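Take a look at the structure set out below.
The values are calculated or read from the model by the stated rules, or taken from the named source; none is laboratory data. It should be emphasised that the depicted structure is a prediction, and the values quoted were computed from it without experimental measurement. Glycine also receives a Cβ, built like all others from the backbone with ideal geometry; neighbour counts cover every protein chain displayed.
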């Protein structure tokens, strides 16, 4: 079973390389198989189509990102440090998945309705997690007691989304520069959430 998982991961890694290089439409399953060091038949044992492979690659990346958020925020003392950690992880994820994110945007028409629904559910889970952290901050006195946790969670999520295009389409934007911008945006939001 471990060998099967290993081979699947090898294929996903190869797909990331090929999709990033050629985009969704021009990527060939033969090239992905070659990059993974497996036969084309083996590739189809794991993934029935290029669309399924593309979606699985996206799911795999997002699940790793969500797991990282859960693991890292559990180590943070207090709501502000947790939200700051989420912002920095978001920044790191965007820079490191820049090429694949572009491919995802290019191949958006290839995503089926179930997959689009899943993306919406993941976004809702992230907003729910942020809302819970904000509620912890209200309870601990880090944030003001009259703060609307849902509105604050949406504002925080929206601020992170606002830098999405800068991170994805500006190749000159490195992680350190983006992290500085993220920190400044987070500070503005935190000032609005804290007691006067």
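Matching residues to (1) farther than 30 Å from residue 56 by Cα; (2) crowded, with 16+ Cβ neighbours inside 10 Å; (3) out of contact with any helix residue (DSSP H, G or I) (no Cβ under 6 Å at 6 or more places or on another chain):
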{"site": "117", "(1), (2), (3)": "no, no, yes"}
{"site": "126", "(1), (2), (3)": "no, yes, yes"}
{"site": "129", "(1), (2), (3)": "no, yes, yes"}
{"site": "132", "(1), (2), (3)": "no, no, yes"}
{"site": "148", "(1), (2), (3)": "yes, no, yes"}
{"site": "162", "(1), (2), (3)": "no, no, yes"}
{"site": "176", "(1), (2), (3)": "no, no, yes"}
{"site": "186", "(1), (2), (3)": "yes, yes, no"}
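The residues listed here are 71, 101; of these, the one that is closer than 26 Å to residue 8 by Cα, within 16 Å of the chain's Cα centre (by Cα), in the same structural domain as residue 140 (by TED's automatic domain parsing) and at pLDDT below 85 is 101. Out of all the residues in region 170-187, which are part of a helix (DSSP H, G or I) and touching a residue at least 12 places away in the same chain (Cβ under 8 Å)? Across region 170-187, the qualifying residues are 175, 178, 179, 181, 182, 183, 185, 186.
Would you confirm, using the coordinates I've provided, whether residue 182 is touching a helix residue (DSSP H, G or I) at 6+ places or on another chain (Cβ under 9 Å) and farther than 23 Å from residue 102 by Cα? No: the conditions fail for residue 182. Residue 91 meets each of the listed conditions (1) at pLDDT 85 or above; (2) within 30 Å of residue 134 (Cα to Cα); (3) in a helix (DSSP H, G or I) apart from (1).
Of all residues in region 35-57, those being closer than 12 Å to residue 15 by Cβ and either buried (at least 17 other Cβ atoms within 10 Å of the Cβ) or in contact (Cβ under 8 Å) with a residue 12 or more places away in the chain (or both) number 13. Mind checking which pairs have a first residue in region 112-129 that is assigned by TED's automatic domain parsing to the domain that holds residue 148 and a second that is part of a loop (DSSP other than H, G, I, E, B), Cβ under 9 Å, 6 or more apart or different chains? If the second residue must be part of a loop (DSSP other than H, G, I, E, B), the pairs left are 119/111. Filtered by the rule that a residue be assigned to a helix (DSSP H, G or I), in contact (Cβ under 8 Å) with a residue 40 or more places away in the chain and more than 13 Å from residue 130 (Cα to Cα), region 140-168 gives 140, 164, 167, 168.
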